């Protein structure tokens, strides 16, 4: 994973190439060892082929992926499934992005626009509305949502690859410029550029190369799209796809939420993190506010969430986020996360959700 920042006049393929080369160096392989490439960018087409021109054109199968905020996680899944299908022993997954300016989302170009029906289809408004739904149902407060930012900004001070590493006391978060209630400016994810990459190997190949001491096993991978609901034509549902993906992942892994040691989830806005505590079954319905109040998801807590600083501080270059979340988990499972290390971490869960709506959940395990 590169340190997330604002790229100065370079394309996403340049960032992706640097991340890919670093990943291959770490895995002690070269482009000649890679048998398939899957690369994602939400805003740049043909990224896999453009990336190959930077890191080596060997004629291998390659595909460009675009799947909203789940783009990087989807590229990783494709790299994994290529191996499971028996077609390759070593593959490469890359997520890279140079972000456009301004708010994501907005009115549809054609058909029935949600604008005017629910107020706005921009992402800040969507997640403000979702937070307000939760507040209306469970009494979740402005302060509880704001505490998510306080926590994640604190976590970022331990992560040199986060774009921001700055404490923000609760009063500062709540007093910041209001973007869409209850999300203030300090409760919104950072529009930033970046890249992350992963080398995926079969267990057989990792053993042959003597890499099992650093290997991280994919215990489960799940991808879900939103099932139709009556609200869909006019209002986003940011919950159902994540619940489905989480349930499938736990079932595939043969594990439950209590087995997970740490989580990197999609905190595109502070409201989203509390919703996903419940969607990922980390607590029961309506209990997310209590979790943030008691510090269960903070560093040193029962189940630390977003120790990287999350999207709120680490940054959110759309296609890179899914693999960056896997990178953070891998650091902890390898025991190399430094001062933010979760002692004895063996199981980590990574989550992303992109509005369309699609959600990916991966469960990683420290290899024996």
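Taking every C-alpha pair closer than 8 Å and separated by at least 6 residues, the mean separation divided by the residue count of the chain gives a relative contact order of 24 percent. Against the chain, whose longest principal axis is taken from its Cα atoms, helix 12-27 shows a tilt of about 60°. For the stretch 243-368, the extents of the C-alpha atoms along the principal axes are 35, 31, 30 Å, listed from largest to smallest.
Per residue, the average separation of C-alpha pairs within less than 8 Å and at least 6 apart gives the stretch 194-249 a relative contact order of 32 percent.
Here the label points at residue 208 and residue 21, each 7 Å from Cα along the C-beta direction, are separated by 2.7 nm in the simple model.
Axis of helix 71-84 versus longest Cα principal axis of the chain: the two differ by about 40°, to the nearest ten degrees. Per residue, the chain reaches -11000 deg cm²/dmol at 222 nm when only DSSP H runs of four or more residues are counted, each adding -39500 (n - 2.57). The relative contact order of the stretch 255-317, computed from alpha carbon pairs under 8 Å that lie at least 6 residues apart in sequence, is 38 percent. The simple Förster model, with R0 at 35 Å and r as the Cβ-Cβ distance, assigns residue 172 and residue 3 a FRET efficiency of 0.90. The alpha-carbon atoms of the chain define a convex hull whose volume equals 132 cubic angstrom per residue.
Using only Cα atoms, tell me the angle between helix 123-138 and the longest principal axis of the chain; keep it within 0 to 90° and round to the nearest 10. Roughly 60 degrees between the two axes.
With the biggest extent put first, the Cα atoms of the stretch 122-251 measure 55, 41, 26 Å across the principal axes.
Values in this text are rule-based calculations from the coordinates and carry no lab data. Since the model is a prediction, treat every value here as computed from it, not as a measurement. Every residue, glycine as well, gets a Cβ built from its backbone with ideal geometry; the counts of neighbours run over all protein chains shown.
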